[in-house]
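Read through the structure below, which is laid out as structure tokens, and then see the notes.
Throughout, read-outs are computed from the coordinates displayed, never taken from laboratory work. The structure displayed is predicted, hence computed values, not measured ones. Positions of Cβ are backbone-derived with ideal geometry, glycine not excepted, and every protein chain shown enters the neighbour counts.
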Amino acid sequence: MKTKIALSVLLVCVAFLAAGCGLAQTLTGTQGGTVSNLWSDVPPLPNATKANISIPPLANLMIQGFVQAANSDSSSDTKLEKFDFIAFQTNQTPQQVGEFYTVENMQAAGWSSTDTTGCQMGGDAGVAGGFCAFAKKDAGGKDIILLILPVQDDSTKQTQVFFIRFEGTQKTQ
């Protein structure tokens, strides 16, 4: 799976997450929605509570662009078919969230570190947010990409953590 290009595109998504808030719109061309619980293969973040937070509209547009680019790009061998997300809030900083979701911690939960970046936090540049990316194949052969986007709310100082899970299949030649 060609995730390096996709990860670069999604880094821009973090900037939009930090700038936007509001209701998520249905993405055209894919099936997406919220899930009730964090997936069993994702370690739960200690002291985080589920929150009724929608993906900000600008981030939603970035996700739509990511899905469309991945599905039309001849260099990508995966066709993304759906995504789901869930959001949590925590008193931890985005940096602390990134320190919890280490490559080692995620590998222990079954996620591969091949062609993924793990977590990149923007605290040094004054950005109160970050980006984590992990990938794996499930038992049925589907490609799974997990994005973890921790963004600190300036007014409440709470960190909103978006977990976005993409599923796809191998493109046929």
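Footprinting exposure proxy ranking of GLU99, GLU81, GLU104, fewest other C-beta atoms within 10 angstrom first, gives GLU104, GLU99, GLU81.
To make sure I understand, if each residue's beta carbon is the centre and we count other beta carbons within 10 Å, what order do TRP111, TRP39 fall in, fewest to most? Display every interim value, and only then the final one.
Details: TRP111 23, TRP39 14.
Exposure proxy ranking, most exposed first: TRP39, TRP111.
Neighbour counts of other Cβ atoms within 10 Å put VAL35, VAL103, VAL151 in the fewest-to-most order VAL35, VAL103, VAL151. Find out how many positive minus negative residues lie around MET106, taking Lys and Arg as positive, Asp and Glu as negative, among other residues whose Cβ is under 12 Å from that of MET106. Value of the local net charge: -1. Projecting label points 7 angstrom from Cα along Cα→Cβ for LYS157 and ASN105 puts them 2.2 nm apart. Spin-label pair TRP39-ASN52: with each label point 7 Å from Cα along the Cα-Cβ axis, the two points sit 2.6 nm from one another.
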